[in-house]
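Okay, structure first, notes after.
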Amino acid sequence: MRSLLPAFFGLFALPLCAQLYELPFAEIFQRSVVVVEGRVVAQQSLWDNGQRGIYTCNLIEVSRVYKGRGMAERHLNVITLGGIVGDRMQLVSESVQYDVGEYGLFCLIPCAYDLPMRPIWENYGSPHGFFLFDTQADAVIHPFHATSGIAVFRQRVEALTGRAQIIASDESPGAAVAERMTPSISSFTPTSISAGTGSLLTINGSGFGSTPGSVRFINSNTGSAFSVDASDITSWADNQITVIVPSTTASGGCAGTGPITVVDASSNSTTSSSNLTVTFGYTNFLFSGSKVGAKLVNVNGLGGLTFTLSTTLCNSSQQDAVNAIGRALREWRCVSGVNWRFSTSTTSGNSESADGISIITYDVGTPLPGGVLGRATSYFNACSSGGGFHWRVSEIDINMRQSGVTWYFCDSPVVPGGQFDFQSVAFHEFGHGHQLQHIVDNTAVMHRSIGPGQARRVLNSNEEDGADYVLSLPANPCGPGPMTLLSHPACLSLTPPSACNAAGPCTAPLPVELLYFTAQTTDGGVRLRWETATERDNDLFTIERSTDAQTFQTLGRVRGAGNSNQRRKYEYFDAAPLPGINYYRLWQTDYDGATALLHLVSVFVGEQEDTERLRIFPNPVPADQVYLEVASDLVGSDAVLFLFDALGREMARQTIVAQAYMPVDLAAHRLSPGIYTLRLWLPEQREWLGPVRVWKP
């Protein structure tokens, strides 16, 4: 029988992990035309009318209607990007995806794709417009507005839309829970692991049962828990489970840092008391029931891949934007050695398309959904050899949002409040082209979202390990040859087209190109390290310290290299850091006295967590309400509760009367995912309790 697949074939495009910014809860419901609850009961993939792309039509069986009663029928066709038709596949992992059987709330707008059916709908803001209901945990899963308590969530929605019309029984009845030992996790190994690399996690404990249930990780794409595919569980016994840590599942889950949950076959569950650290995720996708990844290869015949700038981006009015993209691309080239370059020509195209051109563009022709700052689309081809298929990245399109946000394009890493850092978002999207998934770390480049005033322009060590992993994979036995990695200083030679190769209004070349600046606590102090890619007329570096990120004092100076095209490492030791958050700034001074601020980092110094007299639970915090427990001798005392972010900034303050067990409402503070510090001030005793670390997934 003749194979349906030729020896070389292009199967699908994967828009990887578009970086998000938070849309207000109310906006999602105000902008949606139809808001319904329902269940996905069937799916069918199909080509659009022009055979340009594959889409999936999801048949939603509606049970409640909150908005758009005149348009909401018993069954609705909701379109998502990607799918499989015959021997062709297109998968959109970070746009909203559903599994048959999933139940939730759909916030919909009319779908404009050219498909052979009408009426059709799509989610407003893609992942922003779908709230998945986890009825077992009584939780609502969403990238930004996850919460516990489905009934309370419905009341919140009805306050915006009016009372829901119930047209059918909504949730399936829960299965009867058998009387048996409650499962318990005692330990897991290793405690730090990567996702999508085939790494095995061993979970030890008791009461798991002999029949496999499920294992749940924190999803780095949403911050909520998800269940691994059954194929990821390699063994299941009453006292031990082994599971492959996945970077993709049928429902779009990617394992991230956080607690592990085991659910037995009778729906009894247990959650680990400590967090698993997921260092990085290598992008996988599903093909013929298996999870595979693609390699970076010599696509352009010059050792790697060439990016072409669109004319909407490469022009004199957008010079600052091009310079920011160039800084981000050069950082990847010099840190990982990835062989990416600019074409000397431009293209008049301005949309993502499988046309063999790796385009970097603004979203003029194909506007990005609301809440999406940028999106990278990787296109994969495969070849057959030795009875198997071997995948490669053949094209990468990067689409940056043009309107609706205020961008910051300048060289300085200190981003004004209210502005989004263009270089950080471009750096993030190049990371997806490098085949890295999201991680749960709100200080990391590959975190799923970024807020105004934040800059993430330097990879951490875990992200560097992930980049090295991708580029160290063995070459495919067929297809184009392996990528030729760049060394230093060749990685610095990056030239955009002549139409956009100049200094911009706020992007004059810096005399020093910084690769990283880190602060790490050690016995006796804080060790500061940094490395430069180039130096030009560099006289010296100045290190400053602050406890409030406002007023800084000079700690010392380190002599620069003058002029250099070699990577150079520097170090400074602060032997007397102050208790609490310490902020460090690194300045560079030129021979003519001109100065430039290179980077700002922070590190916590001092006390260990105080969990004896002050506790918060649940922790990680799954919703907007947590519970505080204080020692019995403090019950009835007047107190002031403080919550600080990772940079030591005060996020919340509340005067309370201490109780043994009391609720704390965090809803008004709209906390983004990350690590926070909670402390309690007792004015009568003139005593601080804490700190206690609080993790918001």
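The values are calculated or read from the model by the stated rules, or taken from the named source; none is laboratory data. Source: prediction; values computed, not measured. Cβ sites come from the backbone with ideal geometry, for glycine too, and all protein chains shown count toward neighbours.
Summary of computed values
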| quantity | calculated |
| --- | --- |
| Given (1) without any contact (Cβ under 8 Å) to a residue 24 or more places away in the chain; (2) in contact with a Lys or Arg (Cβ under 9 Å, 6 or more places away or on another chain), index of the condition Glu331 fails | (1) |
| Odd one out for Ala137, checked against (1) in a loop (DSSP other than H, G, I, E, B); (2) of a type in the set (A, V, I, L, M, F, W, C); (3) modelled with pLDDT of 90 or more | (3) |
| Any hit, segment 255-264, residues being within 30 Å of Asn476 (Cα to Cα), in contact (Cβ under 8 Å) with a residue 40 or more places away in the chain and of a type outside the set (Asp, Glu) | yes |
| Criterion violated by Thr346 - all others in (1) modelled with pLDDT of 95 or more; (2) under 26 Å from the mean Cα position of the chain (by Cα) satisfied | (2) |
| Filter pass, Glu531 being more than 25 Å from Ile396 (Cβ to Cβ), charged (D, E, K, R), surrounded by 15 or more Cβ atoms within 10 Å (Cβ to Cβ) and touching a residue at least 24 places away in the same chain (Cβ under 8 Å) | yes |
| Residue that is modelled with the lowest pLDDT, among those in segment 48-68 that are out of contact with any strand residue (DSSP E or B) (no Cβ under 6 Å at 6 or more places or on another chain) and among the charged types (D, E, K, R) | Arg52 |
| Residue match in segment 660-674 (condition: farther than 29 Å from Thr277 by Cβ, modelled with pLDDT of 70 or more, outside any strand (DSSP E or B) and over 34 Å from the mean Cα position of the chain (by Cα)) | no |
| Of residues in segment 567-602 being among the hydrophobic types (A, V, I, L, M, F, W, C) and touching a residue at least 60 places away in the same chain (Cβ under 8 Å), the one surrounded by the most Cβ atoms within 10 Å (Cβ to Cβ) | Leu586 |
| Qualifying residue in segment 562-570 (condition: under 19 Å from Thr521 (Cβ atoms), of a type outside the set (Asp, Glu), in contact with a strand residue (DSSP E or B) (Cβ under 8 Å, 6 or more places away or on another chain) and not in a strand (DSSP E or B)) | no |
| Residues within segment 537-566 that are surrounded by fewer than 16 Cβ atoms within 10 Å (Cβ to Cβ) and of a type in the set (D, E, K, R), tallied | 4 |
| Test set (1) closer than 17 Å to Ala137 by Cα; (2) within 26 Å of the chain's Cα centre (by Cα) - Asp264 fails condition number | (2) |
| Answer from Gly207, Gly289 - the residue that is modelled with pLDDT under 90 and more than 16 Å from the chain's Cα centre (by Cα) | Gly289 |
| Checklist (1) under 31 Å from the mean Cα position of the chain (by Cα); (2) more than 15 Å from Met117 (Cα to Cα) applied to Leu46, failing item | (2) |
| Any hit, segment 103-111, residues being within 23 Å of the chain's Cα centre (by Cα), part of a loop (DSSP other than H, G, I, E, B), surrounded by fewer than 21 Cβ atoms within 10 Å (Cβ to Cβ) and not aromatic (Phe, Trp, Tyr) | no |
| Strands (runs of 3 or more DSSP E) lying entirely in segment 318-394 (those with 3 or more residues that are of a type in the set (S, T, N, Q) and assigned by TED's automatic domain parsing to the domain that holds Gly301) | 340-347, 372-385 |
| Residue match in segment 85-96 (condition: closer than 18 Å to Ile28 by Cα and modelled with pLDDT of 90 or more) | no |
| Top-ranked residue of segment 480-507 - restricted to ones that are small (Gly, Ala, Ser) and closer than 30 Å to Ser348 by Cβ, ranked as surrounded by the most Cβ atoms within 10 Å (Cβ to Cβ) | Gly504 |
| Test result for Arg333, out of contact with any Leu (no Cβ under 7 Å at 6 or more places or on another chain) and modelled with pLDDT under 95 | no |
| Near pairs, Cβ below 6 angstrom, 6+ apart or cross-chain, from segment 450-475 (among the basic types (Lys, Arg)) to any residue that is at pLDDT 90 or above and part of a loop (DSSP other than H, G, I, E, B) | Arg456/Val445 |
| Number of positions in segment 112-127 that are more than 21 Å from Glu61 (Cβ to Cβ) and either touching a residue at least 12 places away in the same chain (Cβ under 8 Å) or outside the structural domain of Ile141 (by TED's automatic domain parsing) (or both) | 6 |
| Glu429 surrounded by fewer than 23 Cβ atoms within 10 Å (Cβ to Cβ), assigned to a helix (DSSP H, G or I) and not β-branched (Val, Ile, Thr) | no |
